[in-house]
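This report refers to the structure that appears directly beneath it.
The values are calculated or read from the model by the stated rules, or taken from the named source; none is laboratory data. Remember, it's a predicted structure, so these values are computed and weren't measured experimentally. Every residue, glycine among them, receives a Cβ derived from its backbone with ideal geometry; neighbour counts consider all protein chains shown. We work out accessible area using only protein heavy atoms, side chains counted, and drop any ligands, DNA or RNA first. Shrake-Rupley method; radii C 1.70, N 1.55, O 1.52, S 1.80 Å.
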Amino acid sequence: MATEPRRTEPDLPDPQTFELLIVPEFTDEDGTETADTRGTLRSAVVRATGETGASGYPRYTGDGMEADIDPVSRAVEALLVDGAELDYGLMVRVADHLGG
């Protein structure tokens, strides 16, 4: 009796767009990072290019940002802002893009 291969990840479609938020890197008193995005310095809507970046994850571009994003964990594996790496003291947050 033939069985189908077991899948280890859920069958979720890769998101085609994300919103990236550049925020100051804050830490709480205990040294842990906060998830505060109220001080967003810049945002960009990035769209899937259909290419794979050097990190092995899908490449997303838009509004001056280019990022390799793991669509499952939403971790940004590589990021360029206007062609340069992100400055120290800044971090990127990933949000769902709700617009059209």
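Details
- Taking a sphere under 9 Å around the Cβ of Ala67 and counting the other residues whose Cβ falls inside, with K and R at +1 and D and E at -1, yields a net charge of -2.
- Computed label-point distance, nm, for sites Leu80 and Arg42 using a 7 Å Cα→Cβ extension: 1.3
- Which of Asp68, Asp87 is most accessible, then next, and so on - probe 1.4 Å: Asp87, Asp68
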